[in-house]
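Before any comments, here is the structure.
The values are calculated or read from the model by the stated rules, or taken from the named source; none is laboratory data. Just so you know, these numbers come straight off a predicted model, no measurement behind them. Neighbour counts are summed over all protein chains in view; Cβ atoms, including those assigned to glycine, are modelled from backbone coordinates with ideal geometry. Side chains included, ligands, DNA and RNA excluded: accessible areas come from the protein's heavy atoms. Shrake-Rupley method; radii C 1.70, N 1.55, O 1.52, S 1.80 Å.
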Amino acid sequence: MTVPVLLAPPKRLIDATIDGEQVRVPEGTTVLQACAERGTEIPTLCHGDTLTPRNACRVCVVEVEGARTLAPACSRKLEPGMSVATDSERVRHSRKLVLELLGSSVDLSTTPQVAEWMERYDAEPDRFGPRAEAAALGVRDARRSGEHEPGDGAVAATVEQPAKVDNDLYVRDYSKCIMCYKCVDACGDQWQNTFAIGVAGRGFDARISTEHDVTLPDSACVYCGNCIEVCPTGALSFSTEFDMRAAGTWDEEKQTETTTICTYCGVGCNVTLHVQENEIVKVTSPHDNPVTHGNLCIKGRFGFQHVQRRGGGGGA
């Protein structure tokens, strides 16, 4: 018996204008997708190609003719006759301010392309003053809503704090967290459905936390590492990467990437091995793979130590 293949009905094409040029795209296409197809780069931090947009970072805002406010390109869908400006004075000013506020409060040193964007939009985070000293470990987690004391303006408030190292697989360095919610979504109902992490606090004291701020081993975390896969700033990273960065030996230019199939079970997940000096330093997964969509389990993500020799054991 032949099973019929159900095809989705074709989407109608719509015409719109981006930066003065006519574009024709399928209905439902976002501004960000349309710009990517025509080669127009729009900076974005919180957008994830495997997640529903949260509109959190506001770096990707564009100006829609006739609209009162700027619109996030990652979620704003093009409509027939819409006219969009991606590099107007208003857009550039907004992106500059957002980058300055992020740069003054968060460690963006491991965030790809941020230095380039800072230069492009003349962003100067230092104009808010010297950065405040890092909080001691646990201080930010102990804050309660409504207890925040406003600063005197002498220093720029920051989210800096010591990294949380409470397991052997990955590190949480929330000094680099921009509250994009991608890790929460990946751990929650969009992928893993573990709900080990969420958002605690309000305003500037908002932070990513486990339930009751317990350590990861005591939480619902299953160590799939899918939160690491989507983190745009390096706030979540492999322990191997964190240690190598601390030692000054992490060098992505020396790394090679090889995509293969995980051998732990029969699902067929694709894994990409990142190798530096003949040693696997981390594992990711292709986002366009129909099986994994960038997601893995604890074995696929972290179970690679057995393929490389550690120490001076004898051979067969």
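Tell me, what % of the accessible area of the chain is carbon and sulfur with a 1.4 angstrom probe?
Here carbon and sulfur together make up 51 percent of the probe-accessible area.
List, largest first, the extents of the alpha carbons of the stretch 146-283 along their principal axes, each in whole Å.
53, 35, 23
Please give the residues of the stretch 184-214, grouped as numeric ranges, whose backbone N is less than 13 Å from a label point set 7 Å along the Cα-to-Cβ vector of VAL267.
Once the point is set 7 Å along Cα→Cβ of VAL267, 191-194 turn out to lie under 13 Å by backbone N, inside the stretch 184-214.
Given the C-alpha atoms of the stretch 36-129, compute the convex hull and give its volume per residue in Å³.
119 Å³
Would you mind classifying the stretch 108-147 by shape? Square roots of the alpha carbon gyration tensor eigenvalues, ordered a ≥ b ≥ c; an a/c under 1.5 is rounded, otherwise it is prolate if a/b is larger than b/c and oblate if not.
prolate
For the pair VAL307 and ARG38, what calculated FRET efficiency results from E = 1/(1 + (r/R0)^6), where r is the Cβ-Cβ distance and R0 = 30 Å, to the nearest 0.05? If you can, show how the numbers build up before the last one.
Working: r = 42 Å, r/R0 = 1.41.
So the FRET efficiency works out to roughly 0.10.
At what distance in nm do the modelled label points of ARG92 and ASP126 sit from each other, each positioned 7 Å from its Cα along Cα→Cβ?
With each label placed 7 Å out from Cα toward Cβ, I get 2.2 nm.
Under a Cβ-only charge scheme (Lys and Arg +1, Asp and Glu -1), can you give me the dipole magnitude of the chain about the Cα centre, in debye to the nearest 20?
660 debye
Can you compute the helix-only [θ] at 222 nm over the chain? Use -39500 (n - 2.57) per DSSP H run of at least 4 residues, normalise by all residues, nearest 500 deg cm²/dmol.
Rounded to the nearest 500, it is -5000 deg cm²/dmol.
Bin all alpha-carbon pair distances of the stretch 11-90 at 10 Å intervals from 0 and give each bin's fraction as a whole percent.
Per 10 Å bin, starting at zero, the Cα-Cα P(r) for the stretch 11-90 comes out as 20, 56, 24, 0 percent.
If you roll a 1.4 Å probe over the heavy atoms of the protein chains, what accessible area per residue do you get for the stretch 32-79, in Å²?
49 Å²
Please compute one quarter of the surface area of the Cα convex hull for the stretch 128-225 and express it in square nanometres.
For the stretch 128-225, the mean projected area of the Cα convex hull comes to 6.7 nm².
Report Rg (one decimal) and Dmax (nearest whole number) for the chain, counting Cα atoms only, units Å.
21.9, 76
What Kirkwood hydrodynamic radius, in Å, does the stretch 220-316 give when the mean of 1/r is taken over all pairs of distinct Cα atoms and then inverted?
On the way: mean 1/r = 0.0694 Å⁻¹.
Taking every pair of different Cα atoms in the stretch 220-316, averaging 1/r and inverting gives 14.4 Å.
For q values of 0.17 Å⁻¹, compute log₁₀ I(q)/I(0) with the Debye formula on a Cα-only model of the stretch 196-235, without solvent.
-0.51
Kindly report, to the nearest 10 Å², the accessible surface of ARG54 as traced by a 1.4 Å probe over protein heavy atoms only.
110 Å²
For the stretch 72-138, give the magnitude of the charge dipole about the Cα centre (Cβ charges: +1 Lys/Arg, -1 Asp/Glu; no others), in debye to the nearest 20.
300 debye
Considering every Cα-Cα pair within the stretch 45-198, what fraction, in whole percent, is farther apart than 28 Å?
32 percent
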